[in-house]
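What follows is a short report on a single structure.
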Amino acid sequence: MSIWDLVLDMGIASLLLLLAKVIRVRVPFIQQMFIPVSMIAGLLGLLLGPYALDVLPWSESFTAYAGVLITVIFAAVGLATQFPGPREVLGRAGSLWAFNQTVTVGQWCVGLVVGVLMAATFWPELNAGFGLIMPAGFMGGHGTAVAIGESFRQLGWDDATTLALSSATFGIFAAIFLGMGLLNYGVQRGWLKGLPRFSEMDSELRCGLVKEDKRRVLAREGISSISVDVFAIHTAIVLVVTALAYLMSLSLSSLHDMVSVPKFACAFLIGCIVRVILQKVGAARFLDDGIFNHAAGASTDFLIVFGIASIQIAVLITYAVPMALLMVSGLIMCLFMVLVVAPRMLGAEWFEKGIFSWGWMTGTVAMGILLLRVADPEMKSKVLDDYAIAYVPGAVVDILMISLMPMLVLSGYGWQALVGMLAYIAVVQLLARFFRGSSTNAGSGVTSRS
């Protein structure tokens, strides 16, 4: 592979993104579906790529970019992560944290059990980790799908990435279509006062274009361009962390044949450490977390393009029936969490919190924000503020699950992992009782909306 193959592949992905953005702006039907631009671009790449019409001149290495980009994403996320204090987490967003943890770990439990049952009854040839494909795609979208697919690939299961990316793509459609259905159901039940018509929504929701009076400054320039461009410094830090993560992963994975340490996990850890060092030496005040977040966001968009475009349709067809059953089981679990568990755990404004959670538990946080903005256009519920506080401690558990579950399951410790996850959920539920006792109980939230 030459350097120009890389340039060509990035150019193709960029062209697909630009074309997809034009489609999103110009086609009302696509706007009403709220499909992200990167997903439209990825589907175009899949249709025109080597596994379908074979029109685009991708290089032979284009399927490997997603694995690199997920490491870049976690490096940037680690650099931008500010850990809240325990008192802030427990006092402000304790119930939402408990609900999120129950959903997250619960998805891994359901996926693991359903996968084992399908292998024991109808498809004995299924990989032991097949059930983990559902939470990999649902819980974290295409980024998590690539991460866990890479972990399985290193452990000898090459089909995992295609299946996980397909799960993530299905999850985003479910987040949008079933999410809008849940919103209308909430109106009928009196949990929500009303939904704005599509024509009444602002252009940012419909087209993805921000009006001049709502535009924000991209970055605070703490570094003068006389010496070096501010984006160059932030990019340099992200790439250094990414390179160190690669070296750390190689070193740790070489310690034992059964040890496979994901690069993305190393990137998040090193990113957090570098952030602390920068704060200690006083350099952090010259940097901007917003730039790191944009680096993660831009990398995610390109990851989705490359990820979806690299889905091997033949592999997906081979697993069509068990995949369909696995996806249905995941949707049933998520619906149960929103309609049954959320009213009992989230207290006041439980529906707004639940519909936001539906978005991220099936698709991505961006899907959750989209649904929340439809349900609560003026953002009176403060759900995003609470989620931001609860996210960081929850993210640590997410990364541990993504990093360890493939290795544990393929090493024969699946049932031990299941017992450990159920014990963790039990502890979280005990903490949730404490949270409910120190705030408005969930029952009053249900009553106020019935």
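With R₀ set to 35 Å, the beta-carbon distance separating ILE30 from ARG344 gives a calculated FRET efficiency near 0.40.
Relative to the globular-protein estimate of 2.2 N^0.38 Å, the Cα radius of gyration of segment 1-68 stands at 1.19. Each peptide in 120-126, 96-102 receives the mean, over its residues, of other Cβ atoms within 10 Å, and ordering these scores from highest gives 96-102, 120-126.
So how much slack lies between VAL187 and PHE286, counting 0.36 nm per residue of separation and subtracting their Cα-Cα distance, in nm? Before the final figure, lay out each step's value.
Working: separation 99, 0.36 × 99 = 35.64 nm, distance 4.70 nm.
Difference between extended and current length: 30.9 nm.
Taking the chain as a Gaussian network, where each spring joins two C-alpha atoms under 10 Å apart, which residue of VAL37, VAL321, VAL230 fluctuates the most? Ranking VAL37, VAL321, VAL230 by mean-square fluctuation puts VAL321 first.
Write down the Kirkwood hydrodynamic radius of segment 217-300, to one decimal in angstroms, obtained as one divided by the mean of 1/r over all alpha carbon pairs. Walk me through the numbers before you get to the answer.
On the way: mean 1/r = 0.0708 Å⁻¹.
Result for segment 217-300, one decimal place: 14.1 Å.
Return the Rg/Rh ratio of segment 120-168 with Cα-based radii and a Kirkwood Rh. Walk me through the intermediate numbers first.
On the way: Rg = 10.3 Å, Rh = 10.5 Å.
Radius of gyration over Kirkwood radius for segment 120-168 works out to 0.98.
Each of GLU150, GLU204 was scored by other Cβ atoms within 10 Å of its Cβ. Listed from fewest to most, they are GLU204, GLU150. For segment 1-153, with the dipole built from +1 on Lys and Arg beta-carbon atoms and -1 on Asp and Glu ones, taken about the Cα centre, which of VAL146, ASN100, ALA20 lies farthest toward the positive end? It is ASN100. With distances taken between every two different alpha-carbon atoms, segment 1-158 has a Kirkwood hydrodynamic radius of 19.0 Å. By the count of other C-beta atoms within 10 Å, a proxy for reagent exposure, ILE425, ILE277, ILE73, ILE176 are ordered fewest to most as ILE277, ILE425, ILE176, ILE73. For the chain, the spherically averaged projection of the C-alpha convex hull amounts to 23.0 nm². Remark: spin-label model distance LEU19-GLN416 equals 5.0 nm, labels positioned 7 Å along the Cα→Cβ axis. With the alpha-carbon atoms of segment 118-250 aligned to their principal axes, the span from lowest to highest coordinate is 64, 55, 22 Å, starting with the largest.
Rounded if a/c is under 1.5, else prolate if a/b is larger than b/c, else oblate: which is segment 202-360, with a ≥ b ≥ c the root eigenvalues of its Cα gyration tensor? It would help to have the intermediate numbers written out before the result.
Details: a/c = 1.80, a/b = 1.25, b/c = 1.43.
Since a/c reaches 1.5 but b/c is at least a/b, the shape of segment 202-360 is classed as oblate.
Considering only SER224, SER38, SER310, the mean-square fluctuation computed in a Gaussian network model of the chain, springs between alpha carbons under 10 angstrom, is largest for SER224.
From Cα pairs below 8 angstrom and at least 6 apart in sequence, can you work out the relative contact order of the chain, rounded to a whole percent? Don't jump to the answer; show the numbers that get you there.
Numbers: 653 pairs, mean separation 134.0, N = 450.
Relative contact order here is 30 percent.
Across CYS266, CYS109, CYS207, mean-square fluctuation computed from a Gaussian network of the chain (C-alpha pairs under 10 Å connected) peaks at CYS207. Starting from the Kirkwood Rh over alpha-carbon pairs, what translational D in µm² s⁻¹ does segment 291-392 have by Stokes-Einstein at 20 °C and 1.002 mPa s? Roughly 135 µm²/s, to the nearest whole number. Packing around the peptides 348-361, 44-57, taken as the average count of other Cβ atoms within 10 Å per residue, puts them in this order, highest first: 348-361, 44-57.
Readers should treat all values here as calculations from the given coordinates under stated rules, not as data from a laboratory. Note that the structure is predicted; figures quoted are calculated from it, not measured. Cβ: placed from backbone, ideal geometry, glycine included. Neighbour counts: every protein chain shown.
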